[in-house]
Every structure is written in C-alpha cells, then in structure tokens.
Amino acid sequence: MDKLASFYHAHIAELNRRVAEISHREGLAGLVIHSGQPHRQFLDDMNYPFKVNPHFKAWLPVLDNPNCWVIVNGSDKPKLVFYRPVDFWHKVSDVPEAFWTEHFDIQLLTKADKVAEFLPKDLTGWAYIGEHLDVADVLEFSSRNPDAVMNYLHYHRADKTQYELECLRRSNQIAVRGHKAAKGAFFNGASEFEIQQQYLAEISQGENEMPYGNIIALNQHAAILHYMTLAHVKPQQRLSFLIDAGASYHGYAADITRTYSFEKNRFSELISALNQQQLSIIDAMKPGVKYTDLHIMTHERIAQLLIDFKLAHSDVATLIDSGVTSAFFPHGLGHMLGLQVHDMGGYSHDERGTHIPAPEKHPFLRCTRTLAVNQVLTIEPGIYIIDSLLNDLSNNAKQLVNWQTVDLMRPFGGIRIEDNVIVHADRNENMTRESGLD
C-alpha cells in the first residue's frame with residue numbers, strides 16, 4: 001500500500017477530532033463544507049477556472065468539481081455529496097474510487113440546486129463553511145463561517161499531519177523537475193514564455209492546476225516582485241533569470257524560487273553568497289523560535305552582504321535603521337505553506353484567533369508565529385535593485401548607498417532563493433534541497 005493511504009487514515013481521524021472539539025465548544029451540530037461553485041465571466045457563457053475551497057480539499061483531494069459538499073460532525077462517518085450531473089456538453093467527473101473513498105459515505109448529486117435533499121433535515125446548529133453566502137442563505141443556514149470555527153481551523157492548519165507532509169514532499173519533487181527544465185531552457189536561450197511552457201510540460205500540470213502564477217523573469221524583470229508578463233521576445237543580452245514556480249499534489253502547494261546568472265561575474269557571486277545565508281537562516285529554525293526574529297536576523301545578514309558587495313557602506317545597524325536594507329529586501333522572509341501558497345494562520349497567536357501583526361517596520365511579513373513541530377514554511381531572502389524604493393530613501397540614507405555598484409547590478413534585476421522547510425523536533429527537513437535542487 002502506498003504510504004499516503006496509510007497516512008490518510010490518521011489524517012481523517014485528526015480532522016474529525018478537530019471538528020468534534022470546536023463543534024462541542026461552540027454548541028454546533030457540525031460543519032457543512034462547500035467545495036464552491038463556478039463563477040461566470042461577465043457578459044459571457046463561460047466560467048472562470050474553478051478554485052476549490054481549501055477547507056474542502058483538506059478532507060479529500062477533489063480539486064476540480066464544484067457543487068460538492070462534505071458533511072461532518074466529528075463522530076459519524078463523514079458524508080460526501082459528490083456532484084455528477086447528466087451533461088453531454090462537458091466531461092462529467094467519474095465516481096470517486098481511490099485510497100480515500102472508504103472513509104466517506106458517498107452520495108451522488110445530479111442537480112446542484114437539489115442539494116438540500118442531501119443535507120441534514122434540520123440545519124439548526126450546522127455551520128456553512130464556504131465562499132457562497134448566497135447559497136447558504138437559500139439553504140437557510142443561520143451559521144455561516146463563524147469566526148470561532150474559522151479561527152480554530154486556521155490556527156491548527158499550521159500543524160500538518162503526516163499525510164499533509166507527504167503531499168508537500170511530493171509537490172516539491174514535482175516542482176523541482178520543472179525548475180531543472182527551466183534552468184536548462186534559460187541557458188539554452190529560451191524566452192520567458194518558452195521557459196514557462198517547458199516548465200509546465202516537465203511537471204505535466206496546466207496553468208490552472210498550478211498553485212499560483214509562475215514568475216519567469218529575465219534580466220531587469222527580476223526586480224519586479226510579482227512579474228507575470230511572460231515576454232515572448234528574447235532579450236538581446238541574456239544576463240539573469242529568476243524563477244518563482246511551484247506545483248500541486250492533491251491540493252498541496254510547492255513554492256520554490258531560484259536565481260541564475262548567465263555568466264560567472266559579480267552578480268553570480270552575490271547569488272552564491274545569498275544562497276549560503278539562506279541555508280544558515282534555515283539552520284536557525286527550530287521549535288520555539290519566533291519567525292519574526294528570523295526575519296530580523298535576515299535583515300542583519302542582508303546588511304552585511306550589501307557591505308561586502310559594496311552596494312552600501314556603514315554598519316549593519318545603521319543600514320537597517322535607515323531603511324536601506326528594506327529598500328533592497330522589501331518583502332517578508334516567507335510564509336506558511338500547505339493547502340494554500342500563503343497558508344492561513346500565519347498571524348494567529350492561538351486558536352481563538354488572537355492576531356499578532358507584522359512589525360511596524362516590516363509590514364509585508366506574512367508570518368509572526370512561533371515555530372513548532374510539523375509546521376511548514378518558506379524561507380526566501382532576496383536582494384533587488386528596485387529604483388522606486390531606492391529613490392524613496394531619505395537623503396541621509398541615500399548617502400549610504402553606493403550608486404555606482406547599484407548601476408552595475410541594475411540590469412540583473414534581483415535575486416531570491418526560496419526553499420520549503422518542515423520543522424521537526426530535532427532537525428529541519430528542507431524538502432526542496434532533498435528533492436534534488438541545489
């Protein structure tokens with residue numbers, strides 16, 4: 001038996017335990033979790049690509065079928081209402097038959113608007129979990145995405161089961177194959193668009209199956225943090241390549257970034273130096289460490305690299321306090337990873353949803369949790385030449401920047417190195433590196 005199937009038994013038991021606990025605490029009969037429904041494009045007869053409710057896919061890997069429902073109370077066998085219409089226009093989903101199906105009472109729904117026949121007769125005390133509150137209104141749910149339930153579920157999302165960890169390992173293995181293909185395409189002279197196509201072909205996933213839109217950035221485009229244009233024209237001079245690209249496995253996301261220099265030069269040396277710092281930051285991860293402290297430590301290391309590579313001068317503390325490091329490294333160190341790329345619960349101090357905001361000087365940090373066993377996070381330091389941020393520095397801070405070096409580095413855009421890491425009690429598991437990506 002595939003170990004994924006054996007892990008899944010314990011995964012369902014844990015999800016049932018969580019539902020039983022929060023339902024008892026809040027006086028609920030249970031949860032009715034909606035996979036979602038299609039969104040119609042404006043003035044058209046076609047729908048946008050369907051994106052499943054992450055709370056739904058936490059229970060089972062059905063990712064592409066709208067109008068499905070999971071009904072759970074934590075003690076009885078979960079019920080899956082599986083949408084399978086009579087339709088000669090579109091491919092109808094097959095009746096599920098997989099390692100997970102034995103754990104559900106599966107009932108087939110042929111008409112989406114008849115789902116009430118499959119729901120509990122009395123919905124008093126049952127909470128609707130999903131996006132479509134208009135549907136919840138029609139069905140007469142009185143409780144819809146209650147805060148206490150959502151805060152509880154999001155907080156505990158950080159504690160991955162063994163099933164979830166195995167899915168995340170496999171998503172990393174898939175993404176690493178794509179990254180290797182993309183690297184080869186870059187050095188063989190491909191355009192951004194061509195690199196993207198080779199990446200998708202290698203991992204056998206379409207753009208709508210990906211957990212997020214890939215960033216495929218050549219040269220100065222690497223300074224645009226969420227660059228997704230995919231130019232068809234090859235640049236006249238090939239200098240650098242930044243790829244931020246993932247993959248999905250049973251609904252769990254990989255999120256990996258690498259940066260390459262076309263030639264051996266000062267920029268390639270900076271890539272190597274940042275790579276070493278990234279690995280040392282990962283080494284500092286362990287249960288009990290605050291993610292915010294890792295982020296602040298990263299700014300200290302970025303400051304030293306700016307000094308070492310003559311991008312700035314002064315001392316580490318001054319470069320941080322003056323905002324210089326934030327101009328070169330404006331985003332957060334990383335985020336939680338799982339059912340979503342930016343997984344929920346990154347700011348949750350406890351299961352009641354007590355919010356720990358990002359530090360005032362680091363507003364884009366996506367996680368303020370204290371690290372614990374079985375959490376999965378990205379570690380992604382970066383250094384970029386972003387003119388708008390450098391120009392916004394105070395006059396005093398601008399005096400600390402070596403503008404001649406900035407001019408030399410500007411055509412390369414920037415650098416980001418990102419790995420996906422599991423925190424264990426006695427070690428860190430770098431899924432990205434262990435999947436074979438240097």
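The values are calculated or read from the model by the stated rules, or taken from the named source; none is laboratory data. Only a predicted model underlies this, so the values are computations on that prediction, with no experimental measurement involved. Every residue, glycine among them, receives a Cβ derived from its backbone with ideal geometry; neighbour counts consider all protein chains shown. Accessible surface areas use protein heavy atoms only, side chains included; no ligands, DNA or RNA. Shrake-Rupley method; radii C 1.70, N 1.55, O 1.52, S 1.80 Å.
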Worksheet, complete the sentence: In region 311-327, anything open to solvent by less than 10 Å² (accessible area, probe 1.4 Å) and without any contact (Cβ under 8 Å) to a residue 60 or more places away in the chain is listed as 325
Practice prompt. Specify the residue that is nearest to residue 242 (Cα to Cα); the eligible residues are those in region 267-295 that are without any contact (Cβ under 8 Å) to a residue 60 or more places away in the chain and among the polar types (S, T, N, Q).
Written response: 268
Practice prompt. Identify all residues within region 220-232 that are among the hydrophobic types (A, V, I, L, M, F, W, C) and open to solvent by less than 70 Å² (accessible area, probe 1.4 Å); write none if there are none.
Written response: 222, 223, 225, 230, 231
Item to complete: Kindly list, by first and then second residue, each pair from a residue in region 6-29 that is on the phi > 0 side of the Ramachandran plot to a residue that is outside any helix (DSSP H, G or I) and surrounded by fewer than 17 Cβ atoms within 10 Å (Cβ to Cβ), limited to pairs with Cβ atoms under 8 Å and residues at least 6 apart or on different chains.
Response: 27/125
Discussion item. Against the condition hydroxyl-bearing (Ser, Thr, Tyr) and either in contact with a Gly (Cβ under 6 Å, 6 or more places away or on another chain) or surrounded by fewer than 17 Cβ atoms within 10 Å (Cβ to Cβ) (or both), how does residue 261 come out, does it pass?
Written reply: no
Worksheet item: If you scan region 309-333, which residues turn out to be over 13 Å from residue 402 (Cα atoms) and assigned to a loop (DSSP other than H, G, I, E, B)?
Response: 315, 322, 323, 329, 330, 331, 332, 333
Worksheet item: Do you know which residues across region 359-379 are of a type outside the set (Lys, Arg), part of a loop (DSSP other than H, G, I, E, B) and touching a helix residue (DSSP H, G or I) at 6+ places or on another chain (Cβ under 8 Å)?
Response: 359, 362, 365, 367, 368, 371, 374
Worksheet, complete the sentence: Looking across region 291-334 at residues that are polar (S, T, N, Q) and under 22 Å from the mean Cα position of the chain (by Cα), the single one that is farthest from residue 381 (Cα to Cα) is 292
Worksheet item: Tally time: how many residues in region 334-358 are more than 24 Å from residue 416 (Cβ to Cβ) and outside any loop (DSSP other than H, G, I, E, B)?
Response: 2
Item to complete: For residue 281, state whether it is in a strand (DSSP E or B) and open to solvent by less than 20 Å² (accessible area, probe 1.4 Å).
Response: no
Worksheet item: Which is touching a Cys at 6+ places or on another chain (Cβ under 8 Å) and either over 26 Å from residue 340 (Cα atoms) or of a type in the set (Phe, Trp, Tyr) (or both), of 123, 119, 109?
Response: 109
Response to the item:
Exactly one of 116, 127 is of a type in the set (Gly, Ala, Ser), free of Cβ contacts under 8 Å to residues at least 24 places away in the same chain and within 20 Å of residue 29 (Cα to Cα), and that one is 116
Response to the item:
The lone condition residue 163 fails out of (1) of a type in the set (Ser, Thr, Tyr); (2) in a loop (DSSP other than H, G, I, E, B); (3) modelled with pLDDT of 95 or more is (2)
Practice prompt. Would you check if residue 124 is at pLDDT below 95 and of a type outside the set (D, E, K, R)?
Written response: yes
Practice prompt. Would you mind finding the one in 213, 288, 251, 246 that is surrounded by fewer than 20 Cβ atoms within 10 Å (Cβ to Cβ) and in contact with a helix residue (DSSP H, G or I) (Cβ under 9 Å, 6 or more places away or on another chain)?
Written response: 213
Discussion item. Here is a check on your reading of the model: is residue 307 aliphatic (A, V, I, L, M), farther than 20 Å from residue 429 by Cβ and touching a strand residue (DSSP E or B) at 6+ places or on another chain (Cβ under 8 Å)?
Written reply: no
Practice prompt. Go through region 336-379 and give me each residue that's open to solvent by 60 Å² or more (accessible area, probe 1.4 Å) and out of contact with any strand residue (DSSP E or B) (no Cβ under 9 Å at 6 or more places or on another chain).
Written response: 352, 357, 360, 361, 363, 364
Worksheet item: Can we say residue 235 is buried (at least 21 other Cβ atoms within 10 Å of the Cβ), in a loop (DSSP other than H, G, I, E, B) and in contact with a helix residue (DSSP H, G or I) (Cβ under 9 Å, 6 or more places away or on another chain)?
Response: no
